[in-house]
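Below is one structure; the comments refer to it alone.
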Amino acid sequence: MEKLPKDPMILFSAVNMLLRDDYKNLDELCDDMQVDRKQLEDKLATAGFEYNPEQNKFW
C-alpha cells in the first residue's frame, strides 16, 4: 500500500476517487496497484468504512 495514503480518511477519499474514475471494481484496483485487498479493506474498516460492490465505493 506504499502508493496509497496512510491516513484512513485520505485513503478513503483517494480509493473512492480511483474507483469512480479508473477502475470497474476493487479487485481491478488492487491488482493494478499491487495492493493486498484484505489489508486495504481492513485499514478502511478501522475508520468505519466498508466496500459496497454495487456502488463500487467505500462508505
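The values are calculated or read from the model by the stated rules, or taken from the named source; none is laboratory data. For clarity, every value in this text was computed on a predicted model and none was experimentally measured. No Cβ is skipped: glycine too gets one built from the backbone with ideal geometry, and neighbour counts run over all protein chains shown. When the accessible area is computed, the model is the full protein with side chains, heavy atoms only, and any ligands, DNA or RNA have been set aside. Shrake-Rupley method; radii C 1.70, N 1.55, O 1.52, S 1.80 Å.
Think of the chain as having a plus end and a minus end, set by charges on the Cβ of Lys, Arg, Asp and Glu; of 29, 49, 19, 49 sits farthest toward the positive end of this dipole.
Classify the chain: rounded, prolate or oblate, from the alpha-carbon gyration tensor (a ≥ b ≥ c, eigenvalue square roots; a/c under 1.5 rounded; otherwise prolate if a/b is larger than b/c)? Before the final figure, lay out each step's value.
On the way: a/c = 1.41, a/b = 1.11, b/c = 1.27.
It comes out rounded by the Cα gyration axes.
Normalising the average separation of contacting C-alpha pairs (under 8 angstrom, six or more residues apart) by the number of residues puts the relative contact order of the chain at 37 percent.
Of the whole protein surface, residue 28 contributes about 60 Å² of accessible area at a 1.4 Å probe radius. Every helix of 4 or more DSSP H residues in the chain counts as -39500 (n - 2.57), and over all residues that averages to -15500 deg cm²/dmol at 222 nm.
In the chain, what trypsin sites (Lys or Arg not before Pro) fall in a loop by DSSP, with at most 12 other Cβ atoms inside 10 Å?
Details: sites: 3, 6, 20, 24, 37, 38, 43, 57; in loops: 3, 6, 24.
Passing both the DSSP loop test and the Cβ count: 3, 6, 24.
Using a 1.4 Å probe over the heavy atoms of the protein chains, calculate the carbon and sulfur portion of the accessible area of the chain as a whole percent. C and S atoms contribute 48 percent here. The slack in the chain from residue 46 to residue 28, taken as 0.36 nm per residue of separation less the alpha-carbon distance, amounts to 4.2 nm. Site pair residue 36 and residue 59 shows an inter-label distance of 2.9 nm when each label is modelled 7 Å from Cα along Cα→Cβ.
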